[in-house]
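Structure, as structure tokens:
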Amino acid sequence: MSVPNLITLARLLSVPLIVWLVLTDTFTGALIVFALAGLSDAVDGFVAKRWNQRSALGAMLDPVADKAMLVSVFITLGIMHHLPDWIVILVVFRDVMIIGGFLFWTALGQRIRSDPLIVSKVNTAAQICLILVTLIRLAFGVSDYDIGLALTYIVGATTLMSGAAYLVRWARSLAGAEINP
């Protein structure tokens, strides 16, 4: 087990702690753990590239840890009524759709491009910012001056664009698979 994989595993294992901290209204703790988990994502990528410790396990584990953390925190903040239901449903549905699409192609015995789309990277960054702004607002009891509201709509728009872009990618792949079996 390489250092980057251990860092990624620690991030994955931090998810239940973040959820518990939000559920117990310990927002400062949730903010700190979430921020450290986010920082660990950058660190594991840097270490893997810098010291040539990339691995197939890391390539699979890293997005799983990211998805688990973001989806879990979105659901928890939604349940606690700190995020609108519609944005939680949209974010979770998109991720379920992406995972379902990957499983569908795998079941067909086809290899599918797994590199993230640029709009998906923007979406992930917006999701992280929305969670951070929400946790900061809750932890310190300060106004976010509608930054959270603006980020909610940005997340909504980029989630829709990203979901549509994946559907287009898959449709093109499916058309190519039918032409060249």
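The values are calculated or read from the model by the stated rules, or taken from the named source; none is laboratory data. Since the model is a prediction, treat every value here as computed from it, not as a measurement. Cβ sites come from the backbone with ideal geometry, for glycine too, and all protein chains shown count toward neighbours.
A few remarks follow.
- Selection count, the stretch 140-153, where residues are in a helix (DSSP H, G or I) and surrounded by fewer than 18 Cβ atoms within 10 Å (Cβ to Cβ): 5
- Complete set of residues in the stretch 75-110 that are surrounded by fewer than 13 Cβ atoms within 10 Å (Cβ to Cβ), farther than 19 Å from Arg169 by Cα and free of Cβ contacts under 8 Å to residues at least 12 places away in the same chain: His81, Asp85
- Annotation for the stretch 149-157: at least one member residue is under 22 Å from Asp62 (Cα atoms) and touching a residue at least 24 places away in the same chain (Cβ under 8 Å).
- Qualifying residue in the stretch 169-176 (condition: outside any loop (DSSP other than H, G, I, E, B) and buried (at least 16 other Cβ atoms within 10 Å of the Cβ)): yes
- Scan the stretch 48-74 for residues that are in a helix (DSSP H, G or I), surrounded by fewer than 16 Cβ atoms within 10 Å (Cβ to Cβ) and more than 12 Å from the chain's Cα centre (by Cα) and the total you get is 6.
- The residue that is modelled with the lowest pLDDT, among those in the stretch 1-47 that are part of a loop (DSSP other than H, G, I, E, B) and of a type outside the set (D, E, K, R), is Met1.
- Selection of the stretch 111-135 for residues being surrounded by 14 or more Cβ atoms within 10 Å (Cβ to Cβ) and over 18 Å from the mean Cα position of the chain (by Cα) yields only Ile112.
- The stretch 154-168, subset closer than 15 Å to Asp95 by Cβ and of a type in the set (Val, Ile, Thr), residue surrounded by the most Cβ atoms within 10 Å (Cβ to Cβ): Val155
- A single entry from Gly78, Gly101 fulfils the requirement of being under 25 Å from Leu39 (Cα atoms), assigned to a helix (DSSP H, G or I) and touching a helix residue (DSSP H, G or I) at 6+ places or on another chain (Cβ under 9 Å): Gly78.
- Lys67 satisfies every condition listed in (1) in contact with a Phe, Trp or Tyr (Cβ under 9 Å, 6 or more places away or on another chain); (2) closer than 26 Å to Arg137 by Cα except (1).
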